[in-house]
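The structure appears below as structure tokens.
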Amino acid sequence: MRKLNLNFFSGRFKGKSIIYALIGLVINIAVLALLALAFVSFSNNLIGVEAAKADALAYANVSENEANDISVQLRFEKLKLYYFVEFEVNGNVYEFQMAARTGDLVNSN
């Protein structure tokens with residue numbers, strides 16, 4: 001009967017496997033840190049939820065008190081970030097798609 005060797009750190013890789021694992025871990029942590037920094041830097045350039053909501057209400061010529069069920073979502077579509085703002089006024093549903101960085105109106109219904 002053959003003996004199954006479950007010792008991953010045996011033979012010619014003894015000691016090197018730990019080093020390779022540590023190097024991989026350090027690289028993964030560095031990449032995650034860079035991604036986190038990029039996201040924080042990138043998100044600081046966005047107009048923000050409140051500005052997107054205010055702009056959409058202004059485009060509709062509606063005050064915040066008149067609007068019901070206001071929803072603002074940040075979405076990533078077609079390699080760009082958009083704020084989708086939706087609200088209801090007197091039974092009419094308004095939908096706006098706005099560029100997340102500039103606040104420019106992209107689409108409305």
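The values are calculated or read from the model by the stated rules, or taken from the named source; none is laboratory data. Only a predicted model underlies this, so the values are computations on that prediction, with no experimental measurement involved. Cβ: placed from backbone, ideal geometry, glycine included. Neighbour counts: every protein chain shown.
Report yes if some residue within the stretch 42-65 is surrounded by 10 or more Cβ atoms within 10 Å (Cβ to Cβ), in contact with a helix residue (DSSP H, G or I) (Cβ under 9 Å, 6 or more places away or on another chain), modelled with pLDDT of 90 or more and in a strand (DSSP E or B); otherwise report no. No; the residues of the stretch 42-65 include none that is surrounded by 10 or more Cβ atoms within 10 Å (Cβ to Cβ), in contact with a helix residue (DSSP H, G or I) (Cβ under 9 Å, 6 or more places away or on another chain), modelled with pLDDT of 90 or more and in a strand (DSSP E or B). Filtered by the rule that a residue be among the aliphatic types (A, V, I, L, M) and part of a strand (DSSP E or B), the stretch 85-102 gives Val85, Val89, Val93, Met98, Ala99. Could you tell me whether any residue of the stretch 73-82 is part of a loop (DSSP other than H, G, I, E, B) and not basic (Lys, Arg)? Yes, the stretch 73-82 contains at least one residue that is part of a loop (DSSP other than H, G, I, E, B) and not basic (Lys, Arg).
Can you tell me which residues in the stretch 73-109 are basic (Lys, Arg) and surrounded by 13 or more Cβ atoms within 10 Å (Cβ to Cβ)? Once the filter is applied, which keeps residues that are basic (Lys, Arg) and surrounded by 13 or more Cβ atoms within 10 Å (Cβ to Cβ), the stretch 73-109 yields only Arg101.
Hey, among Ile70, Ile19, which residue is aliphatic (A, V, I, L, M), in a strand (DSSP E or B), over 17 Å from the mean Cα position of the chain (by Cα) and surrounded by 10 or more Cβ atoms within 10 Å (Cβ to Cβ)?
Result of the check over Ile70, Ile19: Ile70.
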